[in-house]
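Novice: Take a look at this one; I'll ask things after.
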Amino acid sequence: MIDSKLVLWGQTLGYTAYVLAVITGMAWFAYKITRDGSCKQVPNALFYAVVGVLVAVGVSLHIVTHETIPWKKIDLNRDRLTADKTFDIRVADHRFVLPPEKMSVRVGEMALFRVVSDDLTYGFGLFRPDNTLVFQMQVLPGHVNDLLWLFEAPGLYTLRSTEYSGPRGIDMIEKDVVEVVPNTAR
């Protein structure tokens, strides 16, 4: 699975280059038709060639993005996958109620986070030590909300609410509650 930080970096570069190309093309077109104070005709073939290249590049960016989304394979094959560990978590009154046992998983194992809200809509986000997001989901009250994730890097991960649930929601942070340990079995 590709790390989401790498995907975000690649998307930032790709889409920035694409937007700059579109803006440059629009500026060129505007310059060509308004140069010398008169409206000039841009050859149809040139105009449609530029538009065609921009469309092809834009569609290609979307296809590449689709193929690099880290959780896509898990979601598409969810009915055939089983979790190595399941963690049941409740949320109520702006607090996460975590399982009594430590949430620990080995690198290469799948963890299922099953989260239930008793009162409001909350977010459930797992963050790396550098505060970058690993994954998140919205937790709706009255529903079992779950997320299956394959951990590929060891570390201690922090849990935060990623959804606005009122002013008290800002304190919904549980530091270093998910531990991913190296897989020593080789």
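Novice: In the chain, what percentage of the DSSP-assigned beta bridges are antiparallel, given to the nearest 5?
Specialist: 65 percent
Novice: Something else: Between the helical axis of 4-34 and the dominant principal axis of the chain, each derived from Cα atoms, what acute angle in degrees is found, rounded to the nearest 10?
Specialist: Helix 4-34 and the main axis of the chain meet at about 20 degrees.
Novice: Mind checking the dipole of the chain: about its Cα centre, +1 per Lys or Arg Cβ, -1 per Asp or Glu Cβ, Debye to the nearest 20?
Specialist: Working: 19 positive and 20 negative charges, 135 e Å.
Magnitude of the dipole: close to 640 debye.
Novice: Continuing with the same structure: For segment 104-158, what is the convex hull volume of its Cα atoms per residue in Å³?
Specialist: 76 Å³
Novice: Specify the angular offset, from 0 to 90 degrees and rounded to the nearest 10, of the alpha carbon long axis of helix 44-68 from the longest principal axis of the alpha carbons in the chain.
Specialist: Taking Cα atoms only, the helix is inclined about 10 degrees.
Novice: Additional query: Lys and Arg at +1, Asp and Glu at -1: add these up for the other residues within a Cβ distance under 11 Å of PHE127 and post the number.
Specialist: Result for the local shell: 0.
Novice: Return, for the Cα atoms of segment 77-181, the radius of gyration and Dmax in Å, separated by a comma.
Specialist: 13.1, 40
Novice: Give a residue-ordered list of calculated ³J(HN,Hα) values for segment 80-88 (Karplus: 6.51 cos²θ - 1.76 cosθ + 1.60, θ = phi - 60°; whole Hz; x for Gly, Pro).
Specialist: 9, 9, 10, 7, 7, 9, 10, 10, 9
Novice: Counting only helical runs of four or more DSSP H residues, what would the 222 nm mean residue ellipticity of the chain come to if each run contributes -39,500 (n - 2.57) and the total is spread over all its residues? Please report the intermediate quantities before stating the final value.
Specialist: Values: 3 runs with 61 residues, N = 186.
Taking each H run of at least 4 residues, the total per residue is -11500 deg cm²/dmol.
Novice: Please compute the volume of the convex hull spanned by the alpha-carbon atoms of the chain and report it per residue in Å³.
Specialist: So the per-residue hull volume is 189 Å³.
Novice: Subtract the Cα-Cα distance of THR132 and ASP3 from 0.36 nm times their separation in residues, and report this length gain in nm to one decimal.
Specialist: Working: separation 129, 0.36 × 129 = 46.44 nm, distance 1.12 nm.
Contour length minus Cα-Cα distance gives 45.3 nm.
Novice: Please report the relative contact order for the chain, taking Cα pairs under 8 Å with a sequence separation of at least 6, and give it as a percent rounded to a whole number.
Specialist: 18 percent
Novice: Karplus couplings for segment 122-128 from phi (6.51 cos²θ - 1.76 cosθ + 1.60, θ = phi - 60°), rounded to Hz, Gly and Pro as x?
Specialist: Karplus values, whole Hz, x for Gly and Pro: 10, x, 10, x, 10, 10, 6.
Novice: Continuing with the same structure: Give the Cα extents of segment 4-70 along the principal axes, in whole Å, largest first.
Specialist: Extents along the principal axes: 51, 19, 8 Å.
Novice: Around VAL91, what is the net charge, scoring Lys/Arg as +1 and Asp/Glu as -1 over all other residues with Cβ under 14 Å from its Cβ?
Specialist: So the environment of VAL91 carries a net charge of -3.
Novice: Within the set of other residues whose C-beta is less than 10 Å from the C-beta of GLU174, count the net charge using Lys and Arg as +1 and Asp and Glu as -1.
Specialist: +2
Novice: Another one. Under a GNM of the chain (C-alpha, springs under 10 Å), which listed residue has the highest mean-square fluctuation: LEU156, LEU13, LEU140?
Specialist: Of the options given, LEU13 has the highest mean-square fluctuation.
Novice: Another question, then. May I ask you to list the residues of segment 43-60 whose amide nitrogen lies under 12 Å from a point 7 Å from Cα along the Cα→beta-carbon direction of TYR31?
Specialist: Correct set: none at all.
Taken together, the values in this text are just the output of simple stated rules run on the coordinates, not laboratory data. Small disclaimer: the values here were computed from a predicted structure and weren't measured. When we count neighbours, we look across all protein chains shown, and the Cβ atoms used for this are built from the backbone with ideal geometry, even at glycine.
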